[in-house]
1. Could we say that Ile94 is in contact with a helix residue (DSSP H, G or I) (Cβ under 8 Å, 6 or more places away or on another chain) and either modelled with pLDDT of 95 or more or assigned to a strand (DSSP E or B) (or both) here?
2. As an exercise: evaluate Ala59 against (1) modelled with pLDDT of 95 or more; (2) touching a helix residue (DSSP H, G or I) at 6+ places or on another chain (Cβ under 9 Å) and give the number of the one condition it does not meet.
3. Scan (1) touching a residue at least 24 places away in the same chain (Cβ under 8 Å); (2) part of a helix (DSSP H, G or I); (3) under 11 Å from the mean Cα position of the chain (by Cα) for the single condition Gln7 breaks and write down its number.
4. Any idea which of Leu84, Leu66, Leu22 is at pLDDT 95 or above, part of a helix (DSSP H, G or I) and surrounded by 15 or more Cβ atoms within 10 Å (Cβ to Cβ)?
5. Would you mind stating whether Ala37 is buried (at least 19 other Cβ atoms within 10 Å of the Cβ), without any contact (Cβ under 8 Å) to a residue 40 or more places away in the chain and of a type outside the set (Phe, Trp, Tyr)?
6. Quickly run through the stretch 69-81 and pick out the residues that are in a loop (DSSP other than H, G, I, E, B) and either within 12 Å of Arg12 (Cα to Cα) or of a type in the set (A, V, I, L, M, F, W, C) (or both).
Amino acid sequence: MELTAKQRAALRSMANGLPVVLTVGKEGVTDATIKEAYDALQARELIKCAVGQNAPLTAREAASQLCERTGAQPVQAIGRKFVLYRRNDKEPKIEV
């Protein structure tokens, strides 16, 4: 499911006040990072992530890799932070 511009805008506004729940470190996107992102998406649906200063990836690259491996959709990437969304089919919390 691809997000429309209106859905993406609504998710961006929801993510504005969220704390960073996942940080991509100097090893980049590892299996542990993917598992942590998957679990966080399952619990929250919308997560804000950050890329550490020593990480070999940009925020867009990290978001792309995590989306590919977790089935999430990228919402936004600004500076070192990015936001991901994946709908929980069993218990949806966010209506988009």
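The values are calculated or read from the model by the stated rules, or taken from the named source; none is laboratory data. Model, not experiment: these values are computed from the prediction. Here Cβ is always computed from backbone atoms with ideal geometry, including for glycine, and neighbour counts include all displayed protein chains.
1. Numbers: in contact with a helix residue (DSSP H, G or I) (Cβ under 8 Å, 6 or more places away or on another chain): yes; either modelled with pLDDT of 95 or more or assigned to a strand (DSSP E or B) (or both): no.
For Ile94, the condition - in contact with a helix residue (DSSP H, G or I) (Cβ under 8 Å, 6 or more places away or on another chain) and either modelled with pLDDT of 95 or more or assigned to a strand (DSSP E or B) (or both) - is not met.
2. All conditions pass for Ala59, except number (2).
3. Failing condition for Gln7: (3).
4. Details: Leu84 fails: part of a helix (DSSP H, G or I); Leu22 fails: part of a helix (DSSP H, G or I).
That would be Leu66, the only listed residue that is at pLDDT 95 or above, part of a helix (DSSP H, G or I) and surrounded by 15 or more Cβ atoms within 10 Å (Cβ to Cβ).
5. Working: buried (at least 19 other Cβ atoms within 10 Å of the Cβ): yes; without any contact (Cβ under 8 Å) to a residue 40 or more places away in the chain: no; of a type outside the set (Phe, Trp, Tyr): yes.
So Ala37 does not fit the description; no.
6. So in the stretch 69-81, the residues in a loop (DSSP other than H, G, I, E, B) come out as 71-72, 79-80.
Correct list: Ala72 only.
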